[in-house]
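The values are calculated or read from the model by the stated rules, or taken from the named source; none is laboratory data. In this text the structure is predicted, and so the values were computed from the model without any measurement. Positions of Cβ are generated from backbone atoms using ideal geometry, with glycine treated the same way; all protein chains shown enter the neighbour counts. Surface areas here come from the heavy atoms of the whole protein model, side chains and all, with no ligands, DNA or RNA. Shrake-Rupley method; radii C 1.70, N 1.55, O 1.52, S 1.80 Å.
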Amino acid sequence: MATAGDPVFMRADLASLDETRALAARLAAAGPLHVLVNNVGAMYPQWRQTVDGIEATFAVNHLSPYLLTELLLDTLRTTGESRIVNVSSGAVRAAKRTFDAVEPPGGYYAFPWYGRANLAYTLHLAERLGSTGDSVFAADPGGAATAMTDGTMRVSTIVSPGLRPAWPLVRRMFARSTSGPASTAARPSDLAATEAALDGKTGLLIGPDLRPATPSRWSTDPRMVRDVLALSRQWAPLTAE
Ligand SMILES: NC(=O)c1ccc[n+]([C@@H]2O[C@H](COP(=O)([O-])OP(=O)(O)OC[C@H]3O[C@@H](n4cnc5c(N)ncnc54)[C@H](OP(=O)(O)O)[C@@H]3O)[C@@H](O)[C@H]2O)c1
């Protein structure tokens, strides 16, 4: 039997909103929650849907972490001085910036569809929680050789057809920027989750160099934030319908 302090593994498929809700319920029932790190991420080379009928890149990279966080807010705030860390990506700079619908117009290309919404949501949440003592950070790991980058970033279908003639160059650029070890890329999240010097601070994007970085300006554009929130609430309601 597990005792206090023992790690406990809880499995959930975050491509399923029901499983995400069930995970939130199990975590809330487990007691105080000091830190929530939303590290889940996936970049699918081909368009696919989740069991909920939602485009999977948006669901796994944004909707599930959004839903898990919203469902755990009471637990985190009751614990007090908690931290929420959302792992972000430099890909946000190349992201499709339309949020009228889950799927932006122009066809599915993983790279610009990936990482679209989570930075805008993170910075909004920091502002929403304000100076309650609970902190919300985004962490940009930079690049690393991981299952995600070793697989998906080797196929040209992840970029738009216009960029494909330059694929050998783009691929070399991706390979260079994702060649480092995962242990180094984990440092921004680790720091955001644990660094005592960040006590009392909130709303920072911790960059790959472990310093606060300037977020893409569009991530704080009130119209973008409004649209991200509306889309999130529409597609990931807190209770199953
Ligand atoms: N690698 C980079 O260059 C890079 C750059 C920028 C941002 N990031 C971000 O860093 C984070 C970690 O990614 P990574 O590069 O370390 O890739 P990774 O090794 O593929 O890790 C992704 C993680 O997400 C989990 N995951 C994926 N789909 C899931 C699902 N449906 N349900 C539950 N868990 C699921 C995976 O679990 P399993 O292992 O069980 O599949 C794994 O733990 C992501 O948020 C990613 O966007 C990475």
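Summary table
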{"item": "All positions within segment 206-235 that are crowded, with 19+ Cβ neighbours inside 10 Å and within 28 Å of Arg21 (Cβ to Cβ)", "result": "Ser219, Met224, Val225, Val228, Leu231, Ser232, Trp235"}
{"item": "The one condition in (1) open to solvent by 20 Å² or more (accessible area, probe 1.4 Å); (2) farther than 20 Å from Val92 by Cα that Leu198 fails to fulfil", "result": "(1)"}
{"item": "Cβ pairs under 8 Å, 6+ apart, first in segment 155-184 and in contact (Cβ under 8 Å) with a residue 24 or more places away in the chain, second assigned to a helix (DSSP H, G or I) and loosely packed, with under 13 Cβ neighbours inside 10 Å", "result": "none"}
{"item": "Boolean, Leu71 is open to solvent by 20 Å² or more (accessible area, probe 1.4 Å), within 29 Å of Pro208 (Cα to Cα) and within 16 Å of the ligand (Cβ to nearest atom)", "result": "yes"}
{"item": "Positions within segment 87-142 being of a type in the set (Val, Ile, Thr) and more than 24 Å from Leu76 (Cα to Cα), in sequence order", "result": "Val92, Thr98, Val102"}
{"item": "Helices (runs of 4 or more DSSP H) within segment 87-194 that include 3 or more residues farther than 26 Å from Met224 by Cβ and either of a type outside the set (A, V, I, L, M) or away from the ligand (no atom under 14 Å from the Cβ) (or both)", "result": "147-151, 167-177, 187-194"}
{"item": "Check on Thr20, touching a residue at least 24 places away in the same chain (Cβ under 8 Å) and either over 18 Å from Val92 (Cβ atoms) or open to solvent by 60 Å² or more (accessible area, probe 1.4 Å) (or both)", "result": "yes"}
{"item": "Candidate set: segment 1-51, residues that are acidic (Asp, Glu) and under 18 Å from the mean Cα position of the chain (by Cα); chosen: the one farthest from Val155 (Cα to Cα)", "result": "Glu19"}
{"item": "Residue in segment 172-190 that is farther than 29 Å from Ser135 by Cα, among the aliphatic types (A, V, I, L, M) and surrounded by fewer than 18 Cβ atoms within 10 Å (Cβ to Cβ) present", "result": "yes"}
{"item": "Check on Arg77, more than 16 Å from the ligand (Cβ to nearest atom), within 20 Å of Leu23 (Cβ to Cβ) and assigned to a helix (DSSP H, G or I)", "result": "yes"}
{"item": "Whichever residue in segment 204-241 is among the hydrophobic types (A, V, I, L, M, F, W, C) and in a helix (DSSP H, G or I) and, among such residues, is farthest from Thr122 (Cα to Cα)", "result": "Trp235"}
{"item": "Residue list for segment 30-68, filter: open to solvent by 30 Å² or more (accessible area, probe 1.4 Å), touching a residue at least 40 places away in the same chain (Cβ under 8 Å) and either hydroxyl-bearing (Ser, Thr, Tyr) or part of a strand (DSSP E or B) (or both)", "result": "Val35, Val37, Tyr44"}
